[in-house]
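Please read the structure below before turning to the comments.
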Amino acid sequence: MAVNAERFLADLHKLRQFGAAGVGKGVVRPAYSKADIEARAWLSDKMAEAGLTSRMDPVGNLFGLAEGRSILLGSHSDSQPEGGWLDGALGVIGALEVARSSDRPVSVVSFQDEEGRFGVTTGSAIWAGQVSLEEADRLTDHTGVAFGEARQAVSHLAGDFVDPTSFSGFIEMHIEQGPTLDTAEEQIGVVTDIVGIRDMRITFNGRQNHAGTTPMHLRRDAFQALAAFSAEIETRFRNLVTPRTVWTIGHVSLHPNASSIVTGRAVFSMQWRDGDSDRLARMEEIIRLTAQEIAASRGLTVEFGKMLGLEPVAMDRRLANALATSAEKVSPGRWRRMPSGALHDATNVARIMPVSMLFVPSIGGISHAFDEDTDEADLVAGLHVLEDAVSAIG
Ligand code: GLV
Ligand code: MN
Ligand code: MN
Ligand code: MN
């Protein structure tokens with residue numbers, strides 16, 4: 001039986017109703033939110049309808065298991081705090097559609113907290129043994145809620161962890177989330193490797209004071225330290241980085257965050273990504289040294305939180321070649337091999353089994369935003385490549 005493109009598109013649109021932002025097709029479905037848990041309950045029913053045995057593990061990773069040894073397909077169904085409708089969802093619904101139409105044993109997964117409310121690809125990292133449950137339970141989100149507390153929201157649905165040895169490999173279909181395929185007017189990316197990432201919370205502690213009476217030279221302003229740090233690392237990174245190196249200060253919290261108060265404390269996320277672990281380590285040295293120097297020169301102190309990270313990882317050759325052969329069949333001349341600058345559950349799963357990924361274009365290269373989108377024809381092309389590769393791999 002062939003995949004049914006209309007059913008696949010209808011299910012993708014159904015999934016975006018869970019946590020629909022009311023802005024375009026955007027979704028707000030962070031890990032363990034009501035919308036996330038309801039979406040997982042709906043997915044669980046869909047898995048059962050497809051003849052799979054649905055099982056949620058203690059952290060909320062949801063599996064639809066075929067009998068015996070199978071290939072695992074999927075991605076994640078949680079979203080960023082302001083997320084698009086396809087990031088993660090495409091890989092999960094594509095997996096479901098292939099599972100229900102393939103004559104091969106296909107299992108489906110939606111990993112939990114890929115978007116890192118508690119760190120970096122938390123659910124798949126735990127499942128693949130990259131992070132222990134005990135360690136993960138102590139991670140906190142930006143509001144101070146601990147992972148161990150948050151995951152209690154699914155404790156009534158949870159069973160045991162699923163044994164990874166029952167899977168022969170993992171394929172994750174995803175939107176590119178960048179501009180390469182869209183700019184080249186190509187339909188499919190076959191991923192060669194995924195970047196490494198480091199993520200660390202940094203705090204500048206200064207002196208909260210009156211914004212009218214405190215002379216500039218006496219201030220110990222935590223916001224000004226953060227601003228100086230941001231500018232200075234850009235200068236110091238200059239001779240080290242490549243066009244694929246990126247860094248982001250994406251979350252900032254100022255205390256007490258009022259216009260007539262000199263900022264006493266600035267807490268912010270510092271994240272950096274590159275394909276080379278040595279460069280990631282060099283960047284870490286620069287970050288730590290720069291923050292310490294800026295703090296010392298301005299009379300502040302600096303604290304570094306626990307650094308989370310994942311190493312760069314190469315995709316499995318045999319699976320990638322199967323995807324490439326299928327891409328050429330489905331979209332002749334309109335595909336390429338390419339690296340991934342976004343992080344994926346595939347990074348963790350690649351530690352324990354052969355893994356590969358395929359991309360479809362993101363219109364305008366936009367993702368992690370409500371207006372993330374992909375042409376229907378490209379979504380369907382991705383589905384066909386996935387279907388064809390699964391039947392070829394067996
Ligand atoms: C995860 O979505 C990432 O930030 O790449
Ligand atoms: Mn994703
Ligand atoms: Mn994402
Ligand atoms: Mn991601």
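Descriptive notes on the structure:
- Inter-centroid distance (Cα atoms) of the stretch 258-316 relative to the stretch 163-224, Å: 11
- For the chain, size of Cβ-based charge dipole, Lys and Arg +1, Asp and Glu -1, in debye: 1040
- Assuming charge only on the beta carbon of Lys and Arg (+1) and of Asp and Glu (-1), the dipole of the stretch 300-361 about its Cα centre is about 320 debye to the nearest 20.
- Look at the Cα gyration tensor of the chain: its axes a ≥ b ≥ c give a/c of at least 1.5 with a/b over b/c, and that counts as prolate.
- Charge dipole of the stretch 151-267 about the Cα centre (unit charges at C-beta), most positive-ward option of Gly169, Met216, Pro243: Met216
- Hydrodynamic radius (Kirkwood) for the stretch 94-191, which is based on Cα pairs only, to one decimal in Å: 16.2
- Eligible lysines near Lys25 by straight Cα distance, threshold 25 Å, same-chain separation 8 or greater: Lys14, Lys34, Lys46
- The phi torsions of the stretch 23-31, fed into the Karplus equation with coefficients 6.51, -1.76 and 1.60 and a -60° offset, translate into couplings of 10, x, 9, x, 10, 10, 9, x, 3 Hz, rounded to whole numbers, with Gly and Pro shown as x.
- Taking the protein heavy atoms of the chain in the context of the full set of protein chains, the accessible area attributed to carbon and sulfur is 49 percent at 1.4 Å.
- Rounded if a/c under 1.5, otherwise prolate or oblate - the stretch 148-233, Cα gyration tensor axes: oblate
- Exposed trypsin sites (Lys or Arg not before Pro) absent: longest stretch of the chain, with sites in DSSP loops and at most 14 other Cβ within 10 Å deemed exposed: 139-237
- Surface per residue (accessible, 1.4 Å probe) for the stretch 246-394, Å²: 43
- Most fluctuating residue given options Ala48, Ala258, Ala320, as computed from a GNM of the chain linking Cα atoms under 10 Å: Ala258
- GNM top mover of His210, His384, His174 - the chain, alpha-carbon springs below 10 Å: His210
- Efficiency of FRET from Cβ geometry, Met1 and Ser168, R₀ 22 Å, rounded to 0.05: 0.55
- Projecting the Cα atoms of Val120, Leu300, Ser391 onto the dipole axis of the chain, where Lys and Arg carry +1 and Asp and Glu carry -1 at the beta carbon, places Leu300 farthest toward the positive end.
- Note that the stretch 131-197 presents 43 Å² accessible area per residue, ligands and nucleic acids not counted, probe 1.4 Å.
- For GluC sites (Glu not before Pro), the sites in the stretch 156-242 that DSSP calls loop and that have at most 13 other Cβ atoms within 10 Å are Glu185.
- Amide H within-cut-off set for Val109, under 5 Å, with H built and near neighbours excluded: Gly64, Leu73, Gly74, Ser75
- With the helix formula -39500 (n - 2.57) applied to DSSP H stretches of n ≥ 4, the chain reaches a computed 222 nm mean residue ellipticity of -10500 deg cm²/dmol.
- Principal-axis tilt of helix 89-101 within the chain, Cα atoms, nearest 10 degrees: 10
- Look at the dipole of the chain built from charges on Cβ: of Gln187, Ser102, Ile37, the Cα furthest out on the positive end belongs to Ile37.
- Gaussian network model of the chain, springs between alpha carbon atoms under 10 Å - residue of Thr248, Thr183, Thr143 with greatest fluctuation: Thr143
The values are calculated or read from the model by the stated rules, or taken from the named source; none is laboratory data. Keep in mind that this is a model prediction, so the values were computed, not measured. Heads up, the Cβs are rebuilt from the backbone with ideal geometry, glycines too, and the neighbour counts pull from every protein chain shown. Accessible surface areas use protein heavy atoms only, side chains included; no ligands, DNA or RNA. Shrake-Rupley method; radii C 1.70, N 1.55, O 1.52, S 1.80 Å.
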